[in-house]
Amino acid sequence: MSSQQTASSAALGKADSVPQDSYISNEYGIKSWLLTLDHKRIAILYLISMTAFFFLGGAFAVAIRLELLTPHGDLMEAETYNKFFTQHGMVMVFFFLLPSIPAVFGNFLLPLMLGAKDLAFPRLNLLSWYIFMIGGILALYAIITGGVDTGWTFYTPYSSTYANSQVMVAGIALFITGFSSILTGLNFLVTIHRMRAPGLTWFRLPLFVWAHYATSVIMLLGTPVLAITILMLALERGFGMGFFDPKLGGDPILFQHLFWFYSHPAVYIMILPAMGVISEVISCFARKRVFGYHFIAFSSMAIAVLGFLVWGHHLFVSGQSAYAGMVFSFLSMVVAIPSAVKVFNWSATLFKGSISLQTPMLYCLGFIGLFTIGGLTGLFLATLSVDVHLHDTYFVVAHFHYVMVGGVVMAYMAAIHFWWPKITGRMYPEMAARFSAIVIFIGFNLTFFPQFLLGYLGMPRRYHVYPDEFQVLNVFSTAGASILGIGYLIPMVYFVWSLWWGKPASSNPWQAKGLEWTIASPPSPHNFEQIPVVTEEAYAYASDAQFVSAFDTDDQAKQSSHV
Amino acid sequence: MSHNISSLGYYLRVFATLLILTAATVGAAFIDFGAFSTPIAMTIAMTKGLLVVLFFMHVWHSKKLTWLFAAAGFLWLVILIGMTFGDIVSRGWQGQPAL
């Protein structure tokens, strides 16, 4: 019997209680966590720290939306507002979105999906978390001791010459954090190349693994450029070395070239793992093999490469040559193709599937719709002439929030619900989870859809005051943000609740395919008692497979265990 | 990964070559080669970088996969520099001052 067949039979097994020899319970004490080399525990360390950063970044967003409730600067001064939107962006991008799915779910799941006992370099993995935390704490220090007001993009000459805030400290924080990303990418690449179980060929890999492979390539090849860029900024700001200032012999938009060479692919560092999550979840809850497996796998690689050729679309109105603009505009259209391949293939996967609307699937469907809107509005912005009108307006803000929040955060929520039983050994309350998924979807759209209209009408981003005629749409947006905030708080409550009172999860509550579902929930410290041998393709769901709710399965299992 | 336990002399020879090339960089800075100044300095720097990558970082003795990733790093550098210069050079075509 293949290991993936074992997965389906395990689904029918009894819903065991949380095992005592799991990675959670085999050791106790703070030291056992802070010095752990277990990829699963390190994933939990990331989960806790990034959740804290998420709510910190969210708090800044709340303040921004409250300020924008009225057209006047009632709540804060312009300078404070500058700091708040900068810190919102900086915390969310660098300390939540970029590491979110790779650091938590990539760390936890890659060895499980590959049939390995850990990542290739466990010590390097722990070092990555410590580097991440050092960078994070330094960023917090910058925020507390005066804040940063440059925007998360740190554009020169403001950041290099004029800003009087904690630019240097924040820059060093990001410089340090980047190394965490590089080391994680390196670890994943080596693990995927070297530690696949026997029989787990490249085209039997789950698409989550393909997505993380592509992501790791970007992390490894792109992140050093961010480090160099920040270093150049620090050298110009601190020592007057001329890189960007024309008076010192620099090029005024070189900073933007270097910054976006990393930061545009960084969007793919966020979205590619999210796409990997969607492939796993949609296949499970449609009970079908993902349509066009090879196309989805190769589209991840295509995005990783093409994503590096489009950065100039951020510079259309910066003084970049129109000829370069045309090339970047064309290439930006091209990079939409592999993303569209994925969306069409997911839609085709749903066709004639046995669809079950469990919470992860709700988030998954939300992702497809919202990411499509985010992606298509990206094409508006990649069009040279249209961008002249829309650049630096709320249209841009709405566009990237549809990709980053509507895309990445929805997929993150899908992932945490899908794999929560595996991570904790407990089920979350399904009805509360479905309710919060719907609240988040409504709150998100109410927050960000009006911003498309505001941007189209000409409201610029990064101002704390605006003309009176924009107030109605801003009130909608702030109301939506309140709903969205509540939507994010509800899962916090029921996830914590489920740790103590959630129903014990069986090893495979969703009857999903994949090696991670063949082992106990939560897994033992070394994952597999014996190295599994894979003999079939990924997502080998039977053609007549029907979904049975995990909650029903557990009930049935309990009844059978009483017999 | 294939391991190569090279002798101390091997590393010292590479190190000596790097020192000579550093001296060449300094020397070239004192001579006016006109338009060739930058290409000469860059060529010396790239040679030094290659020596470090190939020998100190053991790529020379590694498998093809390692070569592939090392080459990818250089390809990405070409993309970064090439497309950035594409902008800077073509600014002049619009009647604006170029580099």
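In table form, for the structure just shown:
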| item | result |
| --- | --- |
| Note, ³J(HN,Hα) from phi for segment A:308-317, Karplus 6.51, -1.76, 1.60, rounded to Hz, x at Gly and Pro | 8, 10, 10, 4, x, 6, 7, 10, 4, 10 |
| Inter-chain shielding of A:323-331 (mean C-beta neighbours from other protein chains, 10 Å cut-off) | 3 |
| Difference of contour (0.36 nm per residue) and Cα-Cα distance, B:PHE74 to B:THR25 | 15.5 nm |
| Relative contact order %, chain A, counting alpha carbon pairs below 8 Å whose residues are six or more apart | 23 |
| B:PHE85 paired with B:SER37, simple spin-label distance in nm, labels 7 Å along Cα-to-beta-carbon | 1.8 |
| Leading residue at positive end of dipole, segment A:9-141 (Cβ point charges), from A:ILE101, A:PRO111, A:MET90 | A:PRO111 |
| Per-residue average of Cβ from other chains inside 10 Å of A:218-225 | 3 |
| Acute angle (nearest 10 degrees) that the helix A:254-286 long axis makes with the longest principal axis of chain A, alpha-carbon atoms | 30 |
| Counted charge near A:ALA274, where neighbours are those whose Cβ lies closer than 15 Å (Asp, Glu -1; Lys, Arg +1) | 0 |
| In sequence order, calculated HN-Hα J values of segment B:71-79 (Karplus, 6.51, -1.76, 1.60; Hz; x Gly/Pro) | 5, 4, x, 5, 4, 5, 5, 4, 4 |
| Rounded to 10°, Cα long-axis angle of helix A:122-144 versus longest principal axis of chain A | 40 |
| Unit charges on C-beta of K, R, D, E only; dipole of the protein assembly as shown, Debye | 1360 |
| Protection-proxy order for peptides A:220-232, A:145-157, A:454-466, each taking the mean of Cβ atoms within 10 Å per residue, highest first | A:220-232, A:145-157, A:454-466 |
| Cβ-based net charge around A:THR518, under 13 Å, with every Lys or Arg adding one and every Asp or Glu removing one | -1 |
| Spatial separation of Cα centroids for segment A:275-349 and segment B:24-86, in angstrom | 31 |
| Phi-based couplings in Hz for segment A:444-449 (Karplus 6.51, -1.76, 1.60; Gly and Pro marked x) | 4, 5, 5, 6, 9, 5 |
| The protein assembly as shown - Kirkwood radius from inverse mean 1/r over Cα pairs (Å) | 26.4 |
| Cα gyration tensor, segment B:1-62 - rounded (a/c under 1.5), prolate or oblate | oblate |
| For A:ARG426, distant residues with modelled amide H under 5 Å away | A:ALA505 |
| Helix axis angle, A:293-306 relative to chain A longest principal axis, alpha carbon, degrees | 20 |
| Averaged over A:316-322, number of beta-carbon atoms from partner chains that fall within 10 Å | 4 |
| Average Cα contact separation per residue, segment B:1-62, under 8 Å, 6 or more apart, as relative contact order % | 51 |
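Every number here is computed from the coordinates shown, using simple stated rules; none is lab data. Small disclaimer: the values here were computed from a predicted structure and weren't measured. Glycine gets a Cβ as well: all are built from the backbone with ideal geometry, and neighbour counts include every protein chain shown.
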